[in-house]
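The values are calculated or read from the model by the stated rules, or taken from the named source; none is laboratory data. All values reported here derive from a predicted model rather than from experimental measurement. Positions of Cβ are backbone-derived with ideal geometry, glycine not excepted, and every protein chain shown enters the neighbour counts. Surface accessibility is based on the protein's heavy atoms, side chains included, excluding ligands, DNA and RNA. Shrake-Rupley method; radii C 1.70, N 1.55, O 1.52, S 1.80 Å.
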Amino acid sequence: AWYVPCLASLETLQELCRKENLRCKSIGITNRNLKSYEVEYLCDYKVEEGTEYYLVKWKGWPESSNTWEPQKNLKCPLLLQNFLSDKNEYLSRVREGKALKVRNHVKALKPAVADYIVKKAKQRIALQRWKEELNRKKNHKAMILVENTVDLEGPPLDFYYINEYKPAPGINVINGITTGCECTDCPAEKCCPKEAGFILAYNKRKKLKIQPGLPIYECNSFCRCGPDCPNRIVQKGTPYSLCIFRTNNGRGWGVKTLQKIKTNSFVMEYVGEVITSEEAERRGQLYDNQGNTYLFDLDYDSDEFTVDAARYGNVSHFVNHSCDPNLQVFNVFIDNLDLRLPRIALFSTRTIKAGEELTFDYQMKGSIDLTSESADGLSPSKKRIRTVCKCGAMCCRGYLN
């Protein structure tokens, strides 16, 4: 019997097939392409007798099949460009020369340089696969990009992309709502917000018009209005293309917008596992020791539940904290009117330029800013290790919690 690694990539499975001279139509290995060769990335460089050679890793072949090929045989300009760019990046960082002369008048890269180039190539492939996975799983039209020009960190190993709450056993995030509004013109008639005793949250330009702290009631799946209803904003998902990028100041991953975002626009939801506050307290002790902050209390009406985005979440998992944020938290009710379980939506507080990082205040609790002074009043069971803030804002409080 044959055994392969769980969740092995397509390329890994192809390597195993070619190594054992096996055909497998389901993963694209047939008689026609069993011996096909395509450059996956370039590993090393040398000059022998005036001819430049590159060590080639062939796509779908094990590294034991790597071969040295003269540059004239390579028809992969982008990979050559990546190789040279990675080499120059490494050399500029460590301030070394362009090449090292060894015996027999052969020019070759230092092993450390070649090792960095291979790691960078593998990282580039891994991030590309991750980007493709994220875009397969998302349920909105806008794109998700991934970028790391800072270090060799690859995709997070224990993170799973989801589009909506993942309730823990025994928690029901859908309360079985069976009625909706009968409006034909939602802003002008007695729509869902008015039924709940609040005003419509959006203006005619579909921008937020209510103050922080007030809830948003959107039309639900039983309402007569169609998908173009101006009271259906959060449920459609983020309308902006976003980029998960590696920060250069020790804050790990962050998120930046690739499009201009106007003031009071919906940007994204904060989703994750919905757990009890007791479980959140247990996990919080562990996260604090690791220096992580992913817990968001659902305390609009009570303090029974918390959203944990540590392992399960969407792009919001990677949004960093700032004491001077450009996103504001609002509680949203759509197909679940249970006040203990609002959906969490992030709206822009000002115009955000394309390329600017998105941030929100981790101390926002249902849009109410919990200052460090008020945090001192928490019970002993709520007090945890304080995490130093690196947001760099002029008004920085010094700590995330």
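Here is a yes/no grid of residues against (1) touching a helix residue (DSSP H, G or I) at 6+ places or on another chain (Cβ under 9 Å); (2) assigned to a strand (DSSP E or B); (3) within 20 Å of V329 (Cα to Cα); (4) β-branched (V, I, T):
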site	(1), (2), (3), (4)
P212	no, no, yes, no
C225	no, no, no, no
C229	no, no, no, no
C243	no, yes, no, no
N248	no, no, no, no
R251	no, no, no, no
V255	yes, yes, yes, yes
M268	yes, yes, yes, no
Residue by residue through region 186-205, note down the ones that are surrounded by 15 or more Cβ atoms within 10 Å (Cβ to Cβ) and part of a loop (DSSP other than H, G, I, E, B).
C186, C191, F198, L200, A201
Filter region 36-52 for residues that are over 30 Å from R23 (Cα atoms) and loosely packed, with under 13 Cβ neighbours inside 10 Å and give the result.
E49, G50, T51
How many residues are under 24 Å from L79 (Cα atoms) and open to solvent by 50 Å² or more (accessible area, probe 1.4 Å) if we restrict to region 17-35?
1
Is it true that some residue in region 226-246 is open to solvent by 50 Å² or more (accessible area, probe 1.4 Å), in contact (Cβ under 8 Å) with a residue 60 or more places away in the chain and closer than 29 Å to Y399 by Cβ?
no
Over region 367-395, the set of residues over 17 Å from T293 (Cβ atoms), modelled with pLDDT under 65 and not charged (D, E, K, R) is S367, I368, S374, G377, S379, P380, S381
Does D335 satisfy the criteria of being touching a residue at least 60 places away in the same chain (Cβ under 8 Å), in a loop (DSSP other than H, G, I, E, B), of a type in the set (D, E) and under 27 Å from R232 (Cβ atoms)?
yes
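Listed residues V102, V113; which is farther than 30 Å from Y270 by Cα, open to solvent by 30 Å² or more (accessible area, probe 1.4 Å), among the aliphatic types (A, V, I, L, M) and modelled with pLDDT under 95?
Just one listed residue meets the conditions, V102.
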Would you confirm whether or not region 157-164 contains a residue that is open to solvent by 70 Å² or more (accessible area, probe 1.4 Å), more than 30 Å from S92 (Cα to Cα) and not in a loop (DSSP other than H, G, I, E, B)?
yes
What are the residues in region 30-42 that are modelled with pLDDT under 75 and under 15 Å from S9 (Cβ atoms), if any?
none
L84 vs (1) open to solvent by 50 Å² or more (accessible area, probe 1.4 Å); (2) in contact with a helix residue (DSSP H, G or I) (Cβ under 7 Å, 6 or more places away or on another chain); (3) under 23 Å from D151 (Cβ atoms): all pass except (2)
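Which of the following residues is open to solvent by less than 30 Å² (accessible area, probe 1.4 Å), at pLDDT below 90, acidic (D, E) and assigned by the TED database to the domain that holds T178: D288, D308, D301?
Going through D288, D308, D301 in turn, just one is open to solvent by less than 30 Å² (accessible area, probe 1.4 Å), at pLDDT below 90, acidic (D, E) and assigned by the TED database to the domain that holds T178: D288.
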Taking the options N331, N326, name whichever one is crowded, with 17+ Cβ neighbours inside 10 Å, of a type outside the set (V, I, T) and in contact with a strand residue (DSSP E or B) (Cβ under 6 Å, 6 or more places away or on another chain).
N326
Among (1) in contact with a helix residue (DSSP H, G or I) (Cβ under 6 Å, 6 or more places away or on another chain); (2) open to solvent by 30 Å² or more (accessible area, probe 1.4 Å); (3) among the β-branched types (V, I, T), the one test that T179 misses
(1)
Report yes if N148 is modelled with pLDDT of 95 or more, in the same structural domain as G254 (by the TED database), open to solvent by 30 Å² or more (accessible area, probe 1.4 Å) and of a type in the set (S, T, N, Q), otherwise no.
no
Can you tell me how many residues in region 134-152 are under 22 Å from L258 (Cα atoms), over 10 Å from the mean Cα position of the chain (by Cα) and in contact (Cβ under 8 Å) with a residue 12 or more places away in the chain?
12
